[in-house]
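Single-structure report; data block below.
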Amino acid sequence: MSHSDDRLRFELRQAADAYEPDSAMIARRAATRRAAAARRDRIRPAAVALAVVAVAVGGVITVRLDQDSPEPPPPGAAVRPPAAAPSRTPAGKAPKPSPPAATSPDPVTEDPDRPPAGSKAPKKPPATPSLVTVSGIVDQASVATWTQNTVTIKADKPTWVSVTVRVERTRDAARAGWFTTVPNSDLTFTAKDTADALLYTYTLKEGARLRPGTYVFAAQFSHGAGRGPSGDTFTVDARSGNADATSRGDFIGT
Amino acid sequence: MRADREGAYQAFFEQYHADLARLAYLITGDADAAADIAADALVEIWRHWRRVTSADNPLGYARGVLANTARGWLRRERRERLGLLRSRLTTDEYRGPDVPAVLDVRAALRQLPLRRRECVVLRYAFDVPEKEVAAILGISVGAVKSHTSRGADQLATLLRKAGHTADFGLLPVLERR
């Protein structure tokens, strides 16, 4: 290598070193695009898979139509998914891959963790049709510094809903996007940041209804590493005919 | 297994994202685009993670993905610029010798044809062996040699003309825009 080669090498290295890449930005952009790529890559099975996973993990809430169910929760009180607490205790470590829950064809109306029938005072009369079934999971596309919290709603009849995802404002938490499988023309999305949370609200327009089916509402955000979903919650308000219901739940990791 | 893959990818990201962004920076000469291109390339790398892990040289594979991504960006950018130039006189771009008193390395690089630029950057700034450059760019070793030597000559000439003599060459690289 000649003298001039050495010079060039020096100049080029210096030019490369003069550029200090914004690592956080690259990580954020890559994570957002990864999620989009993941959605594209599994676009068809997604809806079904999400619903099944949600049930397998627990955290399913079925909101019933009857108003006079035993122990009516105080107005606005949390309806906690019974499986949420136990499934979160082994938090993080040894994330038992949820066994294939697909074995039960229509699991959504049954609570998997429900004690055998008759062992306890039933919370709800079995014959009551459900209004909506909701669940919250941390999407599998999530990574150490980026998370997608997904609320899945199964509506059995035309239903108006408003979904709020509350993301606890942990270190470096910042919005990174949202989406829903409900047509955007039927929906208003609102972003609100408070001192301790990022709020994602998806509200069906007045007059719009979910047709019977399963829908996904996703809230994406970046954050410092080492974050868990324990501070995140969701609220679903649902209305069908003249029945109203509100339910709240946690996000379960997968 | 998922967690393993995720961990391995995160480690790869931590270790190489800056290197990849710098490569994109030297190839495109554009700091904003470089971050973008690096992010895109890293997404591709994640999607084809098995190819990365089964590659003899994961970083080489990643650099190849990055070079491709950068090439696509340059093509789009060139199309847009040509569109602009057509509607404008080109005198802005070509302003006589007095303007770039210090033509920085980055600007000089941009004047090299893409292949030469890629070869010169990989060989000189990143010290990648010829054989690896050939694999990264998908061309023969002979082509790498020829692109590199022509590119180096051209770059040296450009820098000399711009005043990067032995004395002035140590000036800090200035950001101009």
Task: Point-to-point label distance, A:A24-A:D172, nm (Cα→Cβ direction, 7 Å offset) - done: 0.7
Task: Distant-in-sequence amide H partners of A:V132 (H built 1.01 Å from N, under 5 Å) - done: A:V63
Task: Neighbouring partner chain Cβ atoms per residue of B:15-26, average, 10 Å criterion - done: 4
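Take A:K157, A:K192 and order them by how many other Cβ atoms sit within 10 Å, fewest up front.
By the 10 Å Cβ count, ascending, the order reads A:K192, A:K157.
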- [ ] Work out from phi, with θ = phi - 60° and the Karplus expression 6.51 cos²θ - 1.76 cosθ + 1.60, the ³J(HN,Hα) of each residue of region A:241-252, listed in order in whole Hz, and give x for Gly and Pro.
- [x] x, 10, 9, 10, 7, 10, 9, 10, x, 9, 9, 9
Open item on the list: Output wanted: per-residue J couplings in Hz (rounded whole) for region B:23-29, from phi through Karplus 6.51 cos²θ - 1.76 cosθ + 1.60, θ = phi - 60°, x for Gly and Pro.
Closed with: 4, 5, 5, 6, 6, 9, x
Task: Cut-off under 5 Å, modelled amide H: who pairs with A:L187 long-range - done: A:K205
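Values quoted throughout were computed directly from the atomic coordinates according to the rules given, and no laboratory measurement underlies them. Fair warning: this is a prediction, and the values are worked out from it, not measured in the lab. No Cβ is skipped: glycine too gets one built from the backbone with ideal geometry, and neighbour counts run over all protein chains shown.
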